[in-house]
Amino acid sequence: MVVANAVRMAHQFILPRLANARTVVDATAGNGNDTLFLAENTPDATTVFAFDIQQQGLSKTETLLTGRNLRHKVRLILDSHSHLNKYLHQQLDAVMFNLGYLPGSDHKLSTNPATTIEAAHQALQLLNIGGVMTIAVYPGYEHGRLECQAVYEYLAILNQKVFSVACWSMVNQKNNPPLLYVIEKIRSEPLEGITSLKD
Ligand SMILES: C[S@@+](CC[C@H](N)C(=O)[O-])C[C@H]1O[C@@H](n2cnc3c(N)ncnc32)[C@H](O)[C@@H]1O
């Protein structure tokens, strides 16, 4: 395997979960590369939910999917991932977050810690046993560093009997390269297995 970067590693961690997946989520569709990855590697009956707050991103994603004849598998949702539970009530097999901003677009439309954690919290409550969530974070600039810290603090207190949480990173790259958090649900426990955001 060629070790490359956090985004490619996210695909490696998610891939084994996709062959039998029914519902998967790209929480940050952006240019559509991760949505395409999910659509390409799941059965035809799988539904991919792809969120973004920018129509520009969803349009690019739609074009990419249409070109590969995969548009029918994907629900494109122009809304914040923090409203995930407005659209999803079923169990989830895989969830991907690729935080930050859309390259070439307004940096103010970056993900932010509060909505990211709210979305991750909602998605974790729907994750199947054996389901995986990945969160790629970008600590190389100030906003990304703060978001990375907030995500870490949220994940570090998840109940270890319910979730296995790991962090992958390159160790010999300069300038704080992206990190990847990988969360697997390992056991079914009632929702109290997840620390409440209000605690
Ligand atoms: C780094 S890009 C994602 C890259 C994308 N996964 C790809 O494959 O090209 C991050 C995206 O998150 C989106 N975003 C920011 N805040 C969001 C939110 N609250 N809900 C959903 N998407 C959001 C941005 O608009 C941007 O397109």
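Here, each number is a calculation from the coordinates, and none is a lab measurement. All of these numbers come straight from a predicted model, not from anything done at the bench. Every residue, glycine as well, gets a Cβ built from its backbone with ideal geometry; the counts of neighbours run over all protein chains shown.
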* Asked: In segment 116-151, which residue that is among the small types (Gly, Ala, Ser) and outside any helix (DSSP H, G or I) is surrounded by the fewest Cβ atoms within 10 Å (Cβ to Cβ)?
  -> 130
* Which condition breaks for residue 67 when tested against (1) more than 9 Å from the ligand (Cβ to nearest atom); (2) buried (at least 22 other Cβ atoms within 10 Å of the Cβ)? -> (2)
* Asked: Among the residues of segment 85-102, which ones are out of contact with any Phe, Trp or Tyr (no Cβ under 8 Å at 6 or more places or on another chain), within 7 Å of the ligand (Cβ to nearest atom), in a loop (DSSP other than H, G, I, E, B) and in contact (Cβ under 8 Å) with a residue 60 or more places away in the chain?
  -> 102
* Every pair of residues 6+ apart whose Cβ atoms lie under 8 Å, when the first sits in segment 117-141 and is of a type in the set (Phe, Trp, Tyr) while the second is more than 12 Å from the ligand (Cβ to nearest atom) -> 138/148
* Asked: Scanning segment 19-51 for residues that are part of a strand (DSSP E or B) and of a type in the set (A, V, I, L, M), which turns out nearest to the ligand (Cβ to nearest atom)?
  -> 50
